[in-house]
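Values quoted throughout were computed directly from the atomic coordinates according to the rules given, and no laboratory measurement underlies them. Everything numeric here is computed off the predicted structure, so don't read it as measured data. As a convention, Cβ positions derive from the backbone with ideal geometry for all residues, glycine included, and neighbour counts pool all protein chains shown.
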Amino acid sequence: MTYTLGVDIGTYQTKGVLVDDKGRVVAVARRDHEMIVPRPGWAEHRAEEDWWGDFVQVTRDLLAGSGIDPTEIACVATSAIGPCMLPVDGQGRPLMNGVLYGVDTRAEAEITELTDRIGEETILATCGNALTSQSVGPKILWLKRNHPELFDRTEAIFTSTSFLTFRLTGEKVIDHYTAANFSPLYDVDRQDWTDALASDIIALDKLPRLMWSSEIAGTVTPEAAAETGLAPGTPVTCGTIDAAAEAVSVGLTRPGDMMMMYGSTIFIIQAVSGRVTDPRLWYAPWLFEGEHASMAGLATSGTLTHWFRDQFARELPRETAFPDLAREAADTPAGANGILFLPYFSGERTPIHDPRAKGTFFGLNLTHTRGDMYRALLEGIAHGTAHVIETYGEIGQAPTRVLAVGGGTQNAIWLQATSDIGKVPQILREKSIGASYGNAFLAACAAGLAERGDIDRWNPVTQQVEPDPGAALEGQHDLFKRLYLQTKDIMADLS
C-alpha cells in the first residue's frame, strides 16, 4: 500500500490526514492555534509556531498514530490560509508575524492610493482583480512604508503555503492561483509577475518562483525530515490556498461547479470556462494549467460563532457550547423573531469590499433571547452568502451545482438558511474533512496514484439540502441589504 499526506493550516486549526491509494483515511491529526488581533482590522499568525510548528506536530502525530513507515508516503501536499504576507530574511526566517488574508484591512490607505494612481480599469484589465483587503501588493507597500527597517532586510515575500514548502524543501515557490492575489504584481494573461503597474512596491526577484499546484516543487530535506519524521527525499507539491484544496476535496471539476466552504470565513470558488472580470469578485488561474476560477469570500463567518460563544455563552461547557447554542437557535423560528444581523466584524470582502463596514444586531427588544440572537447571527452569514450568489447570477455565472464542505456544514440551521436565502440546493459528500483531504488527493495525482475524476470514487455524494420555499426569509434579505446601505456612512464615521 502507498500513502499520501495532506496538511492544511487554517485560521484557528491545523489539520492533517494520511490517506491510502484508494482514498481511505488512515489517520487524522489536529492542532489548535489562535488568530492574533493586535488592533482592530489587523489579523496575524506566528509563522514559526502556528504554521511550521503545527505542521511538524501534526505530521509526527499522523506517523505515530498510523504506524506507517515514512518511506511508504509517496507524496506530501500542503495548503494554508491565504493570501498572506510574510517577509523573510536571506535564510527564510520570518521578520514579523504573518499578515493574514482579507480579514486584515491594515492596507486601506495603500489600496486607495494604488487604485487612484493606476486606475481600477487598468488594474482589472491586467490583474483580473480590483485591489481589496485580499490583495497582497498593498500590504507589501504598507510594510515598506511603516517598517522600512524590516523591508530593507526582506529577501523574499512568502505566503503561508510557500513558507511551509520552503521549510520542507528549501524551494521558494508559489502556485499561480495564490499569486493572482498579489495584485497589482501579477499579470493574469501572461501568468507571470509584473512591475508594469507599480514598480515602487518591491523588486520582482523577491517574489517566489511560479508553479502549478499539481507540480512537484522539491523533496523533503534532511533537516526537515529530522523535524517532521518524514523520509528525506519525499516529493512535495507546490501547495495552494486552503479553499482551493477544499474545492478539490468535494469534486470541483467542471465549469458551473461552485464550492461553498463553511469555515472561519465563507469562501466560494466557482470553476468557469474563461476569465471572469468583475470588481466585486476575484479571478485566478485554477490549480491546473489552462483552467479558470472565480472566487468570493466573506470576511468573518465561522469566526463569529466563536466570538458569540466566548462573549455570550461563557457558562456553557466548551465541548458542548456549539450544540447547546444550536438547540437554542432551533427553538426560534426562521427570521430570528425580527432580528437582522450584519456579519461585518472585520469589514467585508465580497461583494461590497468595504473595510469600514461594521457588525450589527438590529431590531432587538426586551423579548429577545440568546437563541434569537444566535439564529440571527447564522442567518446573517447566510444573507451575506446569498448576496454573493446573487452577484454571480447578475454576471451570467449562476452556479449549476453547489458543493458544500467544512465544519459549518454540521450546523443544520446555518446550512439550511444558506439554501433558503440563496435559493440553491447544496450537495454534501461523504467526507467533509476539507482541505487536508484535498491535499492528499492532489498529492496522489502528482505522484501518479490517482486521476482527477477519481475524486467521485474517493468521496461520493451522500446528501442534498434543498431550499425551503416556505422559509419566508426573502423579505428579510432585502432588508439585510438595505440595512447596510442605510448605515454605511455611519459605519465609516465610526472608523
(message) Report the Cα-based extents of the range 225-364 along its three principal axes, largest first, to the nearest Å.
(response) 54, 45, 28
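Test of understanding: ordering TYR12, TYR283, TYR344 by Cβ neighbours within 10 Å, fewest first, what list do you get? Could you put the intermediate results ahead of the total?
Numbers: TYR12 16, TYR283 20, TYR344 23.
Fewest to most other Cβ atoms nearby, the residues stand as TYR12, TYR283, TYR344.
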(request) First check a/c for the range 145-295, with a ≥ b ≥ c the square roots of the eigenvalues of its C-alpha gyration tensor; if it is under 1.5, answer rounded, and if not, answer prolate when a/b is larger than b/c or oblate otherwise. (result) oblate
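At 222 nm, what value in deg cm²/dmol follows for the chain if DSSP H runs of at least 4 each add -39500 (n - 2.57) and the sum is divided by all its residues, to the nearest 500?
On the way: 16 runs with 171 residues, N = 495.
Computed mean residue ellipticity for the chain: -10500 deg cm²/dmol.
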(request) May I ask you to list the GluC sites (Glu not before Pro) in the range 426-495 that are in a DSSP loop and have at most 15 other Cβ atoms within 10 Å of their Cβ? (result) GLU430, GLU451
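Indicate the gyration tensor shape class of the range 133-184 (rounded, prolate or oblate), computed on the Cα atoms with a ≥ b ≥ c the square roots of the eigenvalues: a/c under 1.5 is rounded; otherwise a/b larger than b/c is prolate and the rest oblate. Don't skip to the answer; put the middle values down first.
Numbers: a/c = 2.91, a/b = 1.28, b/c = 2.27.
Judged from the Cα gyration tensor, the range 133-184 comes out oblate (a/c at least 1.5, b/c at or above a/b).
Quick one: compute a quarter of the convex hull surface over the Cα atoms of the chain and quote it in nm².
On the way: hull surface 86.5 nm².
If you wrap the Cα atoms of the chain in a convex hull and average its projections, you get 21.6 nm².
Could you list the trypsin sites (Lys or Arg not before Pro) in the range 154-194 that lie in coil according to DSSP, counting only those with at most 14 other Cβ atoms within 10 Å of their Cβ?
Numbers: sites: ARG167, LYS172, ARG190; in loops: LYS172, ARG190.
When the trypsin sites (Lys or Arg not before Pro) of the range 154-194 are filtered for loop state and at most 14 Cβ neighbours within 10 Å, ARG190 remain.
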(message) My understanding is that a pair violates if its Cα-Cα distance is over 25 Å; which of LYS144/LYS206; LYS139/LYS423; LYS15/LYS423; LYS15/LYS139 do that in this structure?
(response) LYS139/LYS423; LYS15/LYS423; LYS15/LYS139
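Could you please rank THR105, THR115, THR154, placing first whichever residue has the fewest other Cβ atoms within 10 Å of its Cβ?
On the way: THR105 25, THR115 18, THR154 21.
Listing THR105, THR115, THR154 from fewest to most nearby Cβ atoms yields THR115, THR154, THR105.
Using square roots of five times the C-alpha gyration tensor eigenvalues, list the equivalent-ellipsoid semi-axes of the range 9-158 in whole Å, biggest first.
Working: eigenvalues 246, 62, 40 Å².
Computed over the range 9-158, the values are 35, 18, 14 Å.
Counting other Cβ atoms within 10 Å, keep those with at most 10, restrict to DSSP loop, and tell me which chymotrypsin sites (Phe, Trp or Tyr not before Pro) in the range 211-278 are left. Working shown, then result.
Numbers: sites: TRP212, TYR262, PHE267; in loops: TRP212.
Taking the range 211-278 and a limit of 10 other Cβ atoms within 10 Å, no loop chymotrypsin sites (Phe, Trp or Tyr not before Pro) are found.
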(message) I need GLU149, GLU291 ordered by Cβ neighbour count within 10 Å, fewest first.
(response) GLU149, GLU291
